1. What FRET efficiency would be calculated for the residue pair Asp205, Lys63, taking the C-beta separation as r and a Förster radius of 35 Å, to the nearest 0.05?
2. Determine the percent antiparallel among the DSSP beta bridges restricted to the chain, to the nearest 5.
3. Using only the Cα atoms of the chain, what do you get for the radius of gyration and for Dmax, in Å?
4. Show me the trypsin sites (Lys or Arg not before Pro) within the range 170-246 that DSSP assigns to loop and that have at most 15 other Cβ atoms within 10 Å of their Cβ.
5. Could you sort 84-91, 154-161, 98-105, 225-232 so that the peptide with the highest average Cβ count within 10 Å comes first and the rest follow in order?
6. Using the beta-carbon distance between Thr109 and Glu293 and R0 = 51 Å, what value does 1/(1 + (r/R0)^6) give for FRET efficiency, to the nearest 0.05?
7. When Lys and Arg each count +1 and Asp and Glu each count -1, what net charge do the other residues less than 14 Å away from Phe200, Cβ to Cβ, add up to?
8. Just how large is the dipole of the chain about the Cα centre, in debye to the nearest 20, putting +1 at every Lys and Arg Cβ and -1 at every Asp and Glu Cβ?
Amino acid sequence: MFSVKTKIIFGTTEEEISNLNLKGNGLLCTGRHHDFKFADLNLYHLKISPEPGVDDIYKYFDKIRDINFDYVLAIGGGSVLDTAKILSVMTNDTKVENLLGTDKIKGRTKTLIAVPTTHGSGSEVTKYAVLKFQNLKQTVVSDFIVPDYALIDENLAMNLPKDLTLYTSIDAFCHNIEAYLSKIPEPLTDLNCENGMKFFFDGIDEAMENKISGRRKMLICSVLGGIAITNLRTNLIHALSHVIGAEKNVSHGLANALFLRGYLKFYKDDEKFKNLGKILNVDIIKRIGEIYEKYNAKRLGDFVAQSEIRHIAESTYENKRLLSVMKREISKEDIEKIIEEAM
């Protein structure tokens, strides 16, 4: 069943936040390089570091446990939004470890507003929050962490560094292509993903040139990708990137980008994938390769040794939750070949 639980608003941050008429005490979560001030709101400001772990969540909560919040306002990249989601449901009795997995959260009383400053994670509309725990990226999955509002302001994405622009954009593309190549038939999600990927191909060069038109297209791609994976889910690319991201401390978007080309080649003979190229009017594998070459995308060999391929494949193969929804069944040997392709 296709659904969108978040109210999505396009506009300028200060104006649209004011229009929400937020009352009471608020928790403002931002990244390290953002310092927003909202004159009419009573906010406690918490700065969030990238790639949070379970221990980090406890440290943040210790700073706010004695303050009663009516709402949580998160402005930042995926790490900030994911952290804010968890903090929005925590109480003094919460064990974060017990939230990992699916439907472990009992409810949420605070209003949650998500404002992305990068165009990749789609976390502003998803039911997911990813945390590092025991040397793995693990996921909290719950309808109770879906934001009430997502505010999309392309001005906040202006002047992102080129690497961050490239890899967060590819992250958004991965969400769309993985949901599209799910074994679960969902026509509305297919339409959603096709449009998301069209915005990616139309906007990536403009975004890399820091044009506001490109930033807007990438943010739309990201929102559509987030909607897609909330209705379905990611699969192989994210299963691989969760291993690399946790073990090698590689940022999420970059970790996904490492495996995209091998994933596409794995599906090159699939009829739905071939038809997608016709719908988008692009040779997808060739065009992705051109984008990687043009912008000097990193390779897996920059982070791991050849001897680690089997271990990465074995750890990835254990992620049955994600691999079980792939349109095409995959073996451990297939995964090794995809990892080899990424080297």
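1. After rounding to 0.05, the efficiency reads 0.25.
2. The answer is about 20 percent antiparallel.
3. In Å, with Rg to one decimal and Dmax whole: 19.2, 58.
4. Lys183, Lys211
5. Per-residue mean Cβ counts within 10 Å order the peptides as 225-232, 84-91, 154-161, 98-105.
6. 0.55
7. Residues near Phe200 contribute -2 overall.
8. The calculation lands at about 300 debye.
Read-outs: derived from the displayed coordinates by stated rules, not from any lab. Note that the structure is a prediction, hence the values are computed from the model and not measured. Don't worry about glycine lacking a Cβ; one is built from the backbone with ideal geometry, like all the others, and counts go over all protein chains shown.
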